[in-house]
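Below is one structure, written out as structure tokens, with a few remarks after it.
The values are calculated or read from the model by the stated rules, or taken from the named source; none is laboratory data. Just so we're clear, the structure is a prediction, and the values are computed from it rather than from any experiment. In this analysis, Cβ positions are derived from the backbone assuming ideal geometry, glycine residues included, and neighbour counts consider all displayed protein chains.
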Amino acid sequence: MRTVKMRMAGGLAVAVVVMAGFGATGAVAAPPGTAGPRYTAGSDGAGDPYFPYSGNGGYDVQHYDLALTYTPPAMAPAPLQGSLTGVATIDLVATQDLDRFNLDLRGMDVTRVTVGGKPAAEVEAPAPGDEVDGAAYWQVQDDAARRWELTVQPRPKVKSGKSVRVVVEYRGTTVRPLDVEGALYGWVTTRDGAIVVSEPEGSMTWYPVSDHPTDKATYRFAITVPAGKVAVANGLPHKPAETSDGWTTWFWDAPDQQASYLTTASVGDFELRPTYTSTSGIPIVDAVDANLTANQLNTTNASLALQPAMIDFFESRFGPYPFNSYGAIVDDDSVGYALETQTRPVYSGSAGQGTVAHELAHQWFGNAVSPLRWQDIWLNEGWATYAAWLWTDDRGGTTAQQAYNSWYAPARTAAYWSFQIGDPGDLGLFATQVYNRGAATLHALRVEVGDEAFFEGARLWVERFNDGAATSADFQSVYEEVSGEDLDAFFQIWLWDQVKPPATWTL
Ligand code: TRP
Ligand code: ZN
């Protein structure tokens, strides 16, 4: 679903389509004065300069139903490769008159596509401008350009405003994919299963998807694995697992709007623990690897036991927890980081208290409100980092001001300061500055506007853009609204000036 609340800033060419006004009239955007074709191809990207082929244009996905069958690597000394077979049933609404449209899919081989129940023929990718006869599909896998596309040509063509169901059957060997900066992500094959963490555009390694946070949707999963393995996804089980002939199918339902990078379907030797609840009644389901070391298990158990108290604390500051459920997936294998997968973050090795607070805070900041462009990542990481500072402060540990002060300590001449968190670059998405200069920005903002406006702004931000995506400019507007101040100079210093900010922010 695309929200009508999204707003554009600074020249980004994302095709943000407000659905009202389209539809019945079938109006198309032909260049003025030309009799352009009525039906055109949807764009092969969402318009994000960092990841030009991530996401797609011309439609809005409503729902993904993913039926996956996964065989983890043999225990024998084999390469870390598994095998995945999937049937993705995708309900989408055309936002232009569609001749063709794309889905993102990397490293998987499509074996069958139907659109509106009608099979499409597999063909060679046509040259640009060439016509293809009849309902058809083709794949492009260009690793160098990071362009991984499945193009579907539906027949009949799909009129703007119409819903259509696309079913994609696919299979492949799962590997250990790398993101643009070389970190493991996507469907990461492990010894005993898979750690599935897809930020920023790794979901395309395991299902056909419009892989950009501007196209959120709901999800349902049926994940079949060898009996004894446990598959854990977002949301809650919608029926008990079923076992027959040595295979178990796990059913999960995620009814809240969700960005593609926040989907998971992790597989392992997990202990699925009994459900417990937050004070506000959010059911919490944890899956913890049965093979953690005693130390990892102690750390993890202590942190997970604090989840209800953390939900209470963040609800008191940021407003109601935004989704239907929560919990953790803790794997003994490691991708080297944790990810805030929606309702159920994934932790590698063990889950420390600070990390658990960080991933929980992302449910409000990043998940309920997502970055409209990856450039806006500081709104995710700055908030999650600052929220963990607030948690530690509330528990009587280091105060937020003390954390800010030690962040502020490095000399003016340190290389650290020459970094723009407002535009970190695709290789700088997870740079340390995005996290801690981002957190310091929020602390300074709190000092600038005062506690009351600061927390009112946080709640307004989440409420206004919930289920959608927004930019740094939108964020500034919210804080100008709640404070009545002009914050241009403030955000210039914090997001753009590549120097150490002047030291005027003390609570
Ligand atoms: N978003 C994750 C978090 O902060 C971190 C993350 C995702 C990451 N991908 C990464 C960190 C790659 C380092 C490298 O919770
Ligand atoms: Zn984070």
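Touching a strand residue (DSSP E or B) at 6+ places or on another chain (Cβ under 8 Å) and within 25 Å of M310 (Cβ to Cβ): which single residue out of A387, A400 fits that description?
A387
Output the residues belonging to the stretch 335-348 that are part of a loop (DSSP other than H, G, I, E, B) and either within 12 Å of ligand 2 (Cβ to nearest atom) or at pLDDT below 95 (or both).
Correct list: Y337, A338, E340, T341, P345.
Out of curiosity, is D394 in contact with a helix residue (DSSP H, G or I) (Cβ under 7 Å, 6 or more places away or on another chain), more than 16 Å from ligand 1 (Cβ to nearest atom) and of a type in the set (D, E)?
yes
Report yes if some residue within the stretch 391-405 is outside the structural domain of A259 (by TED's automatic domain parsing), of a type outside the set (D, E, K, R) and under 26 Å from P200 (Cα atoms); otherwise report no.
Within the stretch 391-405, not a single residue is outside the structural domain of A259 (by TED's automatic domain parsing), of a type outside the set (D, E, K, R) and under 26 Å from P200 (Cα atoms).
Taking the residues in the stretch 284-305 that are in contact (Cβ under 8 Å) with a residue 40 or more places away in the chain and farther than 22 Å from V197 by Cβ as candidates, determine which candidate is surrounded by the most Cβ atoms within 10 Å (Cβ to Cβ).
A302
Using the structure shown, decide if T471 is within 28 Å of the chain's Cα centre (by Cα), within 16 Å of ligand 2 (Cβ to nearest atom) and either surrounded by 15 or more Cβ atoms within 10 Å (Cβ to Cβ) or over 21 Å from S370 (Cβ atoms) (or both).
So T471 does not fit the description; no.
I'd like to know if the stretch 317-334 contains one or more residues that are of a type outside the set (A, V, I, L, M) and within 12 Å of ligand 2 (Cβ to nearest atom).
Among the residues of the stretch 317-334, not one is of a type outside the set (A, V, I, L, M) and within 12 Å of ligand 2 (Cβ to nearest atom), which makes the answer no.
Would you check if T398 is closer than 15 Å to T385 by Cβ, among the polar types (S, T, N, Q) and within 16 Å of ligand 2 (Cβ to nearest atom)?
no
Identify, please: which residue in the stretch 364-373 is more than 11 Å from ligand 2 (Cβ to nearest atom) and part of a loop (DSSP other than H, G, I, E, B) and is, among those, farthest from P322 (Cα to Cα)?
Checked the stretch 364-373; the qualifying residue farthest from P322 (Cα to Cα) is R373.
Could you check the stretch 275-333 and list, in sequence order, the residues that are in a loop (DSSP other than H, G, I, E, B), touching a strand residue (DSSP E or B) at 6+ places or on another chain (Cβ under 8 Å) and among the hydrophobic types (A, V, I, L, M, F, W, C)?
The answer is I282, V285, A290, L292, F323, A328.
Say we look at the stretch 326-348 and pick out the residues that are over 22 Å from E181 (Cα atoms) and either more than 17 Å from the chain's Cα centre (by Cα) or touching a residue at least 60 places away in the same chain (Cβ under 8 Å) (or both); which of these is farthest from ligand 1 (Cβ to nearest atom)?
D332
Test A415 against the criterion of being more than 30 Å from the chain's Cα centre (by Cα) and either within 16 Å of ligand 1 (Cβ to nearest atom) or at pLDDT 95 or above (or both), and give yes or no.
Criteria met by A415.
Of the conditions (1) near ligand 1 (Cβ under 10 Å from one of its atoms); (2) out of contact with any Asp or Glu (no Cβ under 9 Å at 6 or more places or on another chain), G366 fails just one. Which one is it?
(2)
Can you tell me which residues in the stretch 337-352 are under 15 Å from V196 (Cβ atoms) and in contact with a strand residue (DSSP E or B) (Cβ under 7 Å, 6 or more places away or on another chain)?
Y337, A338, L339, T341, Q342, T343, R344, P345, V346, Y347, S348
Go through the stretch 306-353 and count every residue that is among the hydroxyl-bearing types (S, T, Y), under 18 Å from W389 (Cα atoms) and crowded, with 21+ Cβ neighbours inside 10 Å.
0
Of the conditions (1) touching a Phe, Trp or Tyr at 6+ places or on another chain (Cβ under 6 Å); (2) within 12 Å of ligand 1 (Cβ to nearest atom); (3) closer than 19 Å to P283 by Cβ, E359 fails just one. Which one is it?
All conditions are met except number (1).
For the stretch 374-383, check the following and say yes or no: at least one residue is in contact (Cβ under 8 Å) with a residue 12 or more places away in the chain, within 13 Å of ligand 2 (Cβ to nearest atom), in a helix (DSSP H, G or I) and within 28 Å of A294 (Cα to Cα).
no
Going by the structure shown, is E359 crowded, with 19+ Cβ neighbours inside 10 Å, out of contact with any Gly (no Cβ under 8 Å at 6 or more places or on another chain) and of a type in the set (D, E, K, R)?
So E359 fits the description; yes.
Return yes when A489 is free of Cβ contacts under 8 Å to residues at least 24 places away in the same chain, among the small types (G, A, S), assigned to a helix (DSSP H, G or I) and not assigned by TED's automatic domain parsing to the domain that holds F314 and no when it is not.
Against the criterion (free of Cβ contacts under 8 Å to residues at least 24 places away in the same chain, among the small types (G, A, S), assigned to a helix (DSSP H, G or I) and not assigned by TED's automatic domain parsing to the domain that holds F314), A489 qualifies.
What is the one condition in (1) crowded, with 24+ Cβ neighbours inside 10 Å; (2) farther than 14 Å from A259 by Cα that G228 does not satisfy?
Of (1) crowded, with 24+ Cβ neighbours inside 10 Å; (2) farther than 14 Å from A259 by Cα, only one is false for G228: (1).
Kindly provide the set of residues from the stretch 238-283 that are in the same structural domain as P320 (by TED's automatic domain parsing), in contact with a Pro (Cβ under 9 Å, 6 or more places away or on another chain) and free of Cβ contacts under 8 Å to residues at least 24 places away in the same chain, ordered by number.
Listed by number, the list holds a single entry, T275.
Can you give me the number of residues within the stretch 41-91 that are in contact with a Lys or Arg (Cβ under 6 Å, 6 or more places away or on another chain) and within 17 Å of H212 (Cβ to Cβ)?
3
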